[in-house]
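Notes follow once the structure below has been shown.
The values are calculated or read from the model by the stated rules, or taken from the named source; none is laboratory data. Keep in mind the model is a prediction, meaning the values are calculated, not measured. Cβ placement follows ideal geometry from the backbone for every residue including glycine, while neighbour counts extend to all protein chains displayed.
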Amino acid sequence: MKSTSENIFVKDLREFLDEYTAFSKKCEVVYLFVEIRKILENESNPYKDLRFFCNWVIHSRLDRERTTKLLSALLDRDINTSKSGHENARTLIKLNKDFFNQNKLRVSLKEFLENYHLPIWIVGNSWKSFCKLLLEIISDNQIEFPNNIIRSLSLKQEDKNNYGFHLKFIGTKKVSVIKWKLK
């Protein structure tokens with residue numbers, strides 16, 4: 001059974017989502033993730049991808065192993081230390097496209113919204129505008145990996161519709177960029 005405080009958070013989130021058909025401000029997206037995070041605090045460990053993005057939105061720097069573990073597990077296995085950073089970046093985007101294009105987030109968010117009987121318009125026609133605001137929020141928020149092959153990852157806006165995931169690997173000062181176009 002869900003706790004009373006959790007029910008209040010769900011109710012608040014439902015009322016908030018019922019007011020919109022699309023978000024137009026970053027603060028609306030931040031509020032969404034803050035409210036989702038409140039609900040997830042009462043969950044044992046589901047919605048790992050969604051929880052990760054909640055943390056990425058809320059914090060300017062992620063460096064705790066508990067938070068970075070999801071991304072480390074996703075990316076570390078595909079890195080070959082004998083290859084260049086550029087080659088590794090190409091491999092990472094090829095093998096982890098669902099993370100870099102926010103499909104993992106979309107699936108996790110949809111599942112969360114459906115499980116709590118909340119409006120799902122965000123993952124429908126509003127997805128592109130939602131992602132644009134989300135990327136603006138997490139842009140420049142640094143992820144630092146303790147004791148990993150990847151030293152850090154950050155997202156930077158290259159121009160109006162293009163972003164780059166900037167990866168720094170242990171043992172090199174070069175930055176590898178995975179370019180991603182918001183479509």
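Side notes on the structure shown:
- The condition (being among the small types (Gly, Ala, Ser) and touching a Lys or Arg at 6+ places or on another chain (Cβ under 7 Å)) is satisfied by just one residue among GLY85, GLY124: GLY85.
- Residue in region 110-117 that is over 30 Å from PHE169 (Cβ atoms), of a type in the set (A, V, I, L, M, F, W, C), in contact with a Cys (Cβ under 8 Å, 6 or more places away or on another chain) and touching a residue at least 24 places away in the same chain (Cβ under 8 Å) present: no
- Test for LYS181: is it surrounded by 13 or more Cβ atoms within 10 Å (Cβ to Cβ) and either among the charged types (D, E, K, R) or free of Cβ contacts under 8 Å to residues at least 24 places away in the same chain (or both): no
- Criterion violated by ILE120 - all others in (1) among the aliphatic types (A, V, I, L, M); (2) out of contact with any Ser or Thr (no Cβ under 7 Å at 6 or more places or on another chain); (3) under 19 Å from PHE52 (Cβ atoms) satisfied: (3)
- Residue ID - surrounded by the most Cβ atoms within 10 Å (Cβ to Cβ), chosen from residues in region 146-165 that are within 14 Å of PHE100 (Cα to Cα) and among the hydroxyl-bearing types (Ser, Thr, Tyr): TYR163
- Which numbered condition LYS174 fails, given (1) free of Cβ contacts under 8 Å to residues at least 40 places away in the same chain; (2) exposed (fewer than 15 other Cβ atoms within 10 Å of the Cβ); (3) of a type outside the set (A, V, I, L, M): (1)
- Taking the criterion of being under 21 Å from VAL107 (Cβ atoms), out of contact with any Asp or Glu (no Cβ under 8 Å at 6 or more places or on another chain) and touching a residue at least 60 places away in the same chain (Cβ under 8 Å), the residues of region 26-39 that qualify are VAL29, LEU32, ILE36.
- Out of PHE52, PHE23, sole residue that is in a loop (DSSP other than H, G, I, E, B), buried (at least 17 other Cβ atoms within 10 Å of the Cβ), out of contact with any His (no Cβ under 6 Å at 6 or more places or on another chain) and touching a residue at least 12 places away in the same chain (Cβ under 8 Å): PHE23
- Total residues in region 87-145 satisfying the condition of being aliphatic (A, V, I, L, M) and either within 18 Å of SER60 (Cα to Cα) or surrounded by fewer than 16 Cβ atoms within 10 Å (Cβ to Cβ) (or both): the figure is 9.
- First in region 92-103 and modelled with pLDDT of 80 or more, second anywhere and assigned to a loop (DSSP other than H, G, I, E, B), Cβ under 8 Å, 6 or more apart: LEU92/ILE79
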